[in-house]
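Colleague: The structure that follows is given in the form of structure tokens.
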Amino acid sequence: LAAMGRVWYLECQARARMRDADGLLASIRKVCAEGEKHGHYWRERYGAQGGYGVEKYCEYPANLIRVVQRFLLGVEHRLDGALVLAPTVPEAFWQAGFGQTLSWRGRTLSSRMQKDGVTGEYRGDGPQRLLLRLHPAARAKPARAEIDGRPAAAAVEGDFVTITLPAAPAGQPCRFAIVRPATP
């Protein structure tokens, strides 16, 4: 089914929606392996006989970046200006921790997600609403939020913890953390 970049994108979207992290990662790795075999180029179509059609097809690399960002790491910029981080990653990612730095429209957000929560830094000339889908174990208990080491308001909206980060212009970044309280 994942013979073309567009169909592969739809497959990955479905896997993320079903929270099939292992299947999503396996699919990404398969596409990467196919590109690696051919000098990091992909063909337009694949069949039982191998690749055919255009020899250096540009849709796969573009979709690879989109799939990793949107579905694996769960990055979504909403029309209302909110930033969503809703990863669909295997358990090993949560155990080891993962993250990235995003830059857009004069704003920068660095985050590191782990099984017990998320930490990060924000720089920007205005406040930033952030929606985070934490690990299921961290969602099972109320979250404790901090901004610059002080308690901060965090709301729960379905699977998401929502926090609004204050403006942090060119000077010091705003540091934030959302963690699951330790159990006694």
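Colleague: Can you tell me which residue within the range 1-45, out of those that are assigned to a loop (DSSP other than H, G, I, E, B) and at pLDDT 85 or above, is most open to solvent (accessible area, probe 1.4 Å)?
Modeller: So the residue we want is Met18.
Colleague: Among the residues of the range 135-150, write down those that are of a type outside the set (D, E, K, R), at pLDDT below 95 and not in a loop (DSSP other than H, G, I, E, B).
Modeller: Once the filter is applied, which keeps residues that are of a type outside the set (D, E, K, R), at pLDDT below 95 and not in a loop (DSSP other than H, G, I, E, B), the range 135-150 yields Pro136, Ala137, Ala138, Ala145.
Colleague: From the residues in the range 156-184 that are under 28 Å from Asp20 (Cβ atoms), at pLDDT below 90 and part of a strand (DSSP E or B), which one is most open to solvent (accessible area, probe 1.4 Å)?
Modeller: Val156
Colleague: Right, here's the next one. Report yes if some residue within the range 139-152 is open to solvent by 20 Å² or more (accessible area, probe 1.4 Å) and under 25 Å from Ile28 (Cα atoms); otherwise report no.
Modeller: no
Colleague: Scan the range 89-132 for residues that are surrounded by 14 or more Cβ atoms within 10 Å (Cβ to Cβ) and part of a strand (DSSP E or B) and report the count.
Modeller: Residues that pass the stated criteria total 25.
The values are calculated or read from the model by the stated rules, or taken from the named source; none is laboratory data. The shown structure was predicted, so the numbers you read here are calculated from the model rather than taken from an experiment. Quick reminder, even Gly has a Cβ in these numbers, built from the backbone with ideal geometry, and neighbours come from all protein chains shown. The area values use the complete protein model at the heavy-atom level, side chains included, leaving out ligands, DNA and RNA. Shrake-Rupley method; radii C 1.70, N 1.55, O 1.52, S 1.80 Å.
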